[in-house]
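*Asks:* Here's a structure for you.
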Amino acid sequence: MLILVLAVVVIGYLSRRLATVVIPVAIALLAAALLAPLVDLLQRLGLPRAVGVFVALVGSLGVIAGLFTFVIEQIVTGVPQLADEFKDSVHTVQDWLINGPLHLSTDQINNAGNTIVKTLEQNQSALTSGALTTAAAIGEVLTGAFLTFFILIFFLYGGDQIWQFVTRVVPIVQRERVRTAGRLGFGTLIGFVRATVVVAAVDAIGIGTGLGILAVPLALPLATLVFIGAFIPIIGSLLAGFIAVFLALMTKGLVTALIVLGVTIAVMQLESHVLQPLLLGRAVRIHPLAVVLSITAGVVLFGLVGGLLAVPFVAVMNTAVRSLLAGNSEELWQELHSGEPAAPMFHAEPDIPDAGRFTAPDPGAEAAEPGTGKDESGAEEAGSGSGSAESGGDPNQPEDAK
């Protein structure tokens, strides 16, 4: 156990030090799980594997580029309207602060505004250096994107061959079990990514439609944000919904914000109780505590990308470890397909408040329980004695007499 904990710590440290390489590999693995079924289908239809990889990659890049172009156009078009409505909201808040129950003076409000301006001026150098840091980060992102794309090509073209080669370091006795665990883990990742994309699309369409009907500014960019946030379970959806409600509150008022909140809650309930159990099934089910802790650890170690990759990593390891611990194929099937199909994906079972569950058992109480006393043991002894008599008679009788 100590060796296992030490190995996890060492792997975490090396991953943190080699984040420039680890993160592109992880993202490429996630993208490969999304595109590998398409490449396999094209190959089964008669296309060469290389052509299938090319079609999948070019098509995916085209969809992403078109989506980002559309979203950016919507942002550029909607920001002026958003700025005007924000100004009106600020004026409304100022009027409420002056004429409302607080009865603040105009000087107090102006002093608060001047304080904000002075704070910005005093931290201008920090903001400038932050902009430079952002520019450097953009360069790192572009480098990581190129590396991710390069790795993804080989994962899609010969991922099985790469896995066979990597697992050659495992002793021969356990090598096939490890390879099977890796294949099952990748299968879990395929199901997770596919279902998450569908769930994210439903969330984005549902919430985006509600925002559009209510005429909330930047409805389509907000829907895109909801789509991206759905890839970070629990936390991402909550954060995207909060931003949508806040924007509706600042631009359209309290009633519209409450309606947006109701739409968001309804879509999230549909996601957690219908879509996730239906699409993900039993094999990808993870406890909510594991979800939150893994996302937190991922954000601490690798930032926002770590939060995005944390839950898929836990899902893969969950399947792989259960596969390694299973004794045979039947036990493995039971491990990966146990539980109710309709249960939520991130499900927690309540404890049963039995009296005395946190205290040591009383031996006297156990002996006094029905069916565990001396009568039963005596009956067992009598039964064993009669059994001996039936099988062999008197144990002291000579062998030839028997």
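Just so you know, all these numbers are worked out from the coordinates, no wet-lab data involved. This one's a predicted model, so the numbers in the text were calculated from it and none came from an experiment. All Cβ positions, glycine included, derive from the backbone under ideal geometry; neighbour counts span all protein chains shown.
*Asks:* Please give me the summed charge of the neighbours of Thr264: other residues whose Cβ is under 13 Å from its Cβ, Lys and Arg +1, Asp and Glu -1. Walk me through the numbers on the way to the answer.
*Replies:* On the way: positive: none; negative: Asp203, Glu271.
Charge balance near Thr264 sits at -2.
*Asks:* In the P(r) worked out for the stretch 148-263, what percent of Cα pairs fall beyond 19 Å?
*Replies:* On the way: 3956 of 6670 pairs.
I get 59 percent for the Cα pairs in the stretch 148-263 exceeding 19 Å.
*Asks:* Taking the Cα centre of the stretch 142-250 as the origin, how large is its charge dipole in debye, to the nearest 20, when only Lys and Arg (+1) and Asp and Glu (-1) carry charge on their Cβ atoms?
*Replies:* Here the stretch 142-250 has a charge dipole of around 460 debye.
*Asks:* Ordered by packing density, taken as the mean number of other Cβ atoms within 10 Å over each peptide's residues, highest first, how do 13-22, 201-210, 288-297, 304-313 rank? Please report the intermediate quantities before stating the final value.
*Replies:* Values: 13-22: 13.3, 201-210: 19.6, 288-297: 16.2, 304-313: 21.1.
In decreasing order of mean packing, 13-22, 201-210, 288-297, 304-313 become 304-313, 201-210, 288-297, 13-22.
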